């Protein structure tokens with residue numbers, strides 16, 4: 001069984017540029033999560049989807065971050081415009097349902113110059 | 001919000017040694033998970049353990065929910081056990097809150 005897939009693995013951009021990350025969850029998993037992990041810290045939730053509905057986006061900085069999960073499968077997280085402080089690892093996870101074991105993808109390491 | 005504290009922050013072992021990692025949390029939780037983040041950044045789920053004891057090979061975990069702590073035991077450590085171990089708790093609303101992790105280094 002394939003795990004959570006994320007792309008790209010690495011991204012380097014200039015500040016004020018847009019950037020997008022893609023996630024494909026484990027087949028059949030209804031719940032999808034996007035996390036932000038800063039160096040030396042644990043991941044922090046940005047947004048959680050139940051199917052195609054964003055049920056917890058309270059920690060998503062909506063002035064520059066947006067996310068979508070069309071058809072309740074793949075998801076895209078976008079930042080526009082990127083700032084220096086956005087440099088971090090962006091992790092995607094999925095679970096069969098909420099309150100189930102979460103499985104993480106390899107992450108996208110973003111560097112903003 | 002809920003506070004999650006892990007100890008020790010750093011741990012260095014010789015191969016073959018045993019260790020215990022601790023996770024304290026400040027409020028009642030619906031779920032607790034232990035993760036291992038390897039040196040390449042991949043987070044691997046170790047245990048889903050809101051209460052009780054579970055074992056998987058050389059690893060075992062115990063959560064005492066009434067006293068708001070969980071322990072992760074690693075026996076006969078190997079160099080491949082190196083990495084960061086995270087405890088994460090879930091309160092109402094299905095949000096996972098992670099601790100800051102324990103950085104484990106196992107030397108040959």
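Values in this text are rule-based calculations from the coordinates and carry no lab data. This is a predicted model, so every value here is computed, not measured. Cβ placement follows ideal geometry from the backbone for every residue including glycine, while neighbour counts extend to all protein chains displayed.
Odds and ends about this structure:
- Normalised by the number of residues in chain A, the average gap of Cα pairs under 8 Å and 6 or more apart makes the relative contact order 37 percent.
- In range of the label at residue A:62: residues from the stretch A:18-43 whose backbone nitrogen is under 18 Å from the point 7 Å along Cα→Cβ: A:34
- Placing R0 at 22 angstrom, the Cβ-Cβ distance between residue B:65 and residue B:103 gives a FRET efficiency of 0.25 after rounding to 0.05.
- Average partner coverage of B:28-38, which counts Cβ from other chains inside 10 Å: 2
- Bridge orientation summary for the protein assembly as shown: considering DSSP beta bridges with both residues in this region, about 90 percent are antiparallel.
- Within 10 Å of each Cβ in A:34-47, the average number of Cβ atoms from other chains: 4
- Extent of the protein assembly as shown along its three principal axes (Cα atoms, max minus min coordinate, largest first): 48, 36, 35 Å.
- The Kirkwood radius of chain B, taken over pairs of alpha-carbon atoms, gives through the Stokes-Einstein law at 25 °C and 0.890 mPa s a diffusion coefficient of 178 µm² s⁻¹.
- Full-stretch length increase - residue A:96, residue A:17 - with 0.36 nm per residue and alpha-carbon distance subtracted: 25.0 nm
- In terms of overall dimensions, the C-alpha atoms belonging to chain A reach 37, 26, 24 Å along their principal axes, ordered largest to smallest.
- Note on the stretch A:1-48: Rg/Rh from C-alpha atoms, Kirkwood Rh, equals 1.00.
- For chain B, the relative contact order is 37 percent, taking Cα pairs closer than 8 Å that sit 6 or more residues apart in sequence and dividing their mean separation by the residue count.
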